[in-house]
Amino acid sequence: MTVTADMAISLDGYIAGTGVTIDNPGGDGAEPLFEWIHNLASWRERQGMTGGEDNRDSELMREWFDATGAVVMGRMMYDTGEEFWGDNPPFRTPVFVLTHRPRPTLVEEGGTTFTFVTDGIHSALDQAKAAAGDKNVDIAGGASTVQQYLGEGFIDELQLHVVPALLGNGLRLFGGVGSGQRSVEQVRVVETPLATHLKYRFVK
């Protein structure tokens with residue numbers, strides 16, 4: 001089992017714009033980070049839509065979807081996505097939501113369940129590992145959640161989709177991680193017109 005994180009990131013290191021709120025989850029100016037994803041066939045399939053581009057970018061997205069057996073996310077990510085995802089969320093796996101506000105587990109269509117974990121990142125990861133079977137656990141975000149797991153050394157592989165855009169300001173992935181120096185192996189580099197896809201493995 002591998003614990004992964006998969007993030008779109010700008011050339012100058014931002015994963016969201018400024019002014020991130022529930023009503024503005026990507027932040028101001030962050031559209032270039034996500035526009036490339038929306039027409040991929042694999043992404044559209046996960047949203048219950050048809051069509052889209054079946055290209056190398058779509059293959060990489062499908063690979064990530066298929067390898068993931070459970071997901072951990074922060075409460076902000078859940079709150080900003082709940083209405084958009086509707087009754088048939090795209091995860092199709094157990095999802096463990098870090099929160100300080102208890103809520104009963106939600107069982108949705110398509111195999112997605114949302115379990116709200118109030119006793120910290122270790123508990124959420126343990127529960128996700130138990131639920132994932134022989135598949136991966138993905139730390140979905142947002143930035144603070146990924147930073148916490150990076151800081152604890154719990155993430156095994158990090159995939160960054162570097163989008164050819166400069167945001168100039170916003171929310172950084174690596175700022176304030178505080179994990180110290182770590183050895184990293186480059187696993188794969190895939191270049192497409194839409195993004196440069198970089199996969200790294202942390203050396204224990």
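Data for the structure
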{"read-out": "Unmet requirement for THR50, which otherwise passes all of (1) under 20 Å from VAL95 (Cα atoms); (2) out of contact with any Ser or Thr (no Cβ under 9 Å at 6 or more places or on another chain)", "value": "(1)"}
{"read-out": "Check on ALA132, more than 27 Å from GLY17 (Cβ to Cβ), in contact with a Gly (Cβ under 6 Å, 6 or more places away or on another chain) and surrounded by 18 or more Cβ atoms within 10 Å (Cβ to Cβ)", "value": "yes"}
{"read-out": "GLY175 modelled with pLDDT under 95, under 17 Å from the mean Cα position of the chain (by Cα) and surrounded by fewer than 17 Cβ atoms within 10 Å (Cβ to Cβ)", "value": "no"}
{"read-out": "Test for GLY141: is it surrounded by 15 or more Cβ atoms within 10 Å (Cβ to Cβ), touching a strand residue (DSSP E or B) at 6+ places or on another chain (Cβ under 7 Å) and of a type outside the set (S, T, N, Q)", "value": "yes"}
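For every residue, the table says whether it meets (1) over 27 Å from ASP156 (Cα atoms); (2) within 15 Å of the chain's Cα centre (by Cα); (3) at pLDDT below 85.
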site	(1), (2), (3)
THR2	no, yes, no
ASP6	no, yes, no
GLY13	no, no, no
THR18	yes, no, no
ILE37	no, yes, no
TRP43	no, yes, no
GLY51	yes, no, no
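The values are calculated or read from the model by the stated rules, or taken from the named source; none is laboratory data. No experiment lies behind these values; they were computed from the predicted model shown. Quick reminder, even Gly has a Cβ in these numbers, built from the backbone with ideal geometry, and neighbours come from all protein chains shown.
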